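Working notes, beginning with the structure itself.
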Amino acid sequence: MYTKQLKFIREEKELSQKVLANILNIKENTYSEYETEYKIIPIKHLNKLCNYFKCSLDYIFGFTNKHNYNLTQNNINYQLQHLRLKELRKKYNLTQKKLANIINAAASTISDYETRDKCIATPFLYTICKKYNISADYLLGKIENPKYSK
């Protein structure tokens, strides 16, 4: 999902895992587990790394070779996430239960993503964006264009 890109971008900047762990305020072994996907990196940490490296989530996910987008917001906009996820679901005539089945989650999880200030979990975000060819940065309210640029 993101292992190759995280390691590549870290090594490209000649940074150690310890440096990035300090940036995220986590233990070095936790960052190492993120980079190998032994543990799934939370979106809040992934977003912080994207901001640090000035790159898009789409780039880290491998959806695009374009490093960053113009007019990118640093913070996740939960109100836009609610709206955009619901719009995506309706566009494809999906109930919350159907979308939940696609990403292997409970329907209440989709409801939470559409109504509460709860960020979409990394594997769910990746699956939704890949399946429906939509930008992760867009879905989280960081950019205005719903399609990622190749």
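The values are calculated or read from the model by the stated rules, or taken from the named source; none is laboratory data. Here the structure is a predicted model, which means the values were calculated and not measured. Every residue, glycine as well, gets a Cβ built from its backbone with ideal geometry; the counts of neighbours run over all protein chains shown. With ligands, DNA and RNA removed, areas are computed over all heavy atoms of the protein, side chains included. Shrake-Rupley method; radii C 1.70, N 1.55, O 1.52, S 1.80 Å.
Would you mind working out the magnitude of the charge dipole of the chain relative to its Cα centre, with +1 at each Lys and Arg C-beta and -1 at each Asp and Glu C-beta, to the nearest 20 Debye? Each step should come with its number before you reach the end.
Details: 25 positive and 14 negative charges, 93 e Å.
I would put it at about 440 debye.
Around R89, with a cut-off of 10 angstrom between Cβ atoms, what is the net charge of the other residues, counting Lys and Arg +1 and Asp and Glu -1?
Numbers: positive: R84, K86, K90, K91, K98; negative: E87, E114.
Net charge in that neighbourhood comes out at +3.
Per 0.36 nm of contour for each residue apart, how much would the distance between E87 and D117 grow if the chain were fully extended, relative to their Cα-Cα spacing?
Values: separation 30, 0.36 × 30 = 10.80 nm, distance 1.70 nm.
Gain on stretching E87 to D117: 9.1 nm.
Measure off, as a whole percent, the carbon and sulfur share of the 1.4 Å-probe accessible area of the chain, all protein chains present. Could the numbers behind the result be given before it?
Numbers: 3830 of 8120 Å².
Taking all protein chains in place, the chain shows 47 percent carbon and sulfur surface.
Compute the normalised compactness of the range 1-65: alpha-carbon radius of gyration over 2.2 N^0.38 Å, N being the residue count.
Details: Rg = 10.5 Å, N = 65, 2.2 N^0.38 = 10.7 Å.
The reported ratio for this selection is 0.98.
Modelling each spin label as a point 7 Å along the Cα-to-Cβ direction, I'd like the K27/E12 distance in nm, to one decimal.
Label-label distance for K27 and E12, simple model: 3.0 nm.
Between the DSSP loop rule and a limit of at most 12 other Cβ atoms within 10 Å, which trypsin sites (Lys or Arg not before Pro) in the range 1-62 are left? Mind showing how you got there, number by number?
Values: sites: K4, K7, R10, K13, K18, K27, K39, K44, K48, K54; in loops: K13, K27, K39, K54.
Counting only loop positions with at most 12 other Cβ atoms within 10 Å, the trypsin sites (Lys or Arg not before Pro) in the range 1-62 are K13, K27, K54.
List the aspartates and glutamates whose alpha-carbon lies under 17 Å from that of K142, not counting same-chain residues fewer than 8 positions away?
D58, E87, E114, D117
Taking the Cβ of K118 as the centre, find all other residues whose Cβ is under 12 Å away and add up their charges (Lys, Arg: +1; Asp, Glu: -1). List each step's numbers first, then the result.
Working: positive: K44, R116; negative: D112, E114, D117.
Net of charged neighbours comes to -1.
Take the residue pairs K13/K39; K48/K86; K39/K91; K4/K86 and return only those whose Cα atoms are more than 28 Å apart. Show your work: numbers first, answer last.
Working: K13/K39 23 Å; K48/K86 25 Å; K39/K91 32 Å; K4/K86 31 Å.
Beyond 28 Å between Cα atoms: K39/K91; K4/K86.
In bins 10 Å wide, starting from 0, what share of all Cα pairs of the chain does each bin hold, as a percent?
Histogramming the chain at 10 Å steps yields 11, 42, 34, 12, 1 percent.
With respect to the cross-link table entries K27/K131; K44/K90; K7/K90, which display a Cα-Cα separation exceeding 31 Å?
Working: K27/K131 33 Å; K44/K90 26 Å; K7/K90 36 Å.
Distance filter (> 31 Å) returns K27/K131; K7/K90.
Rolling a 1.4 Å sphere over the protein heavy atoms, what is the accessible area per residue of the range 18-140, to the nearest Å²?
That works out to 52 Å² per residue.
Can you give the angle from 0 to 90° between the axis of helix 122-132 and the longest principal axis of the chain, with both taken from C-alpha atoms, to the nearest 10?
Computed tilt is about 60 degrees.
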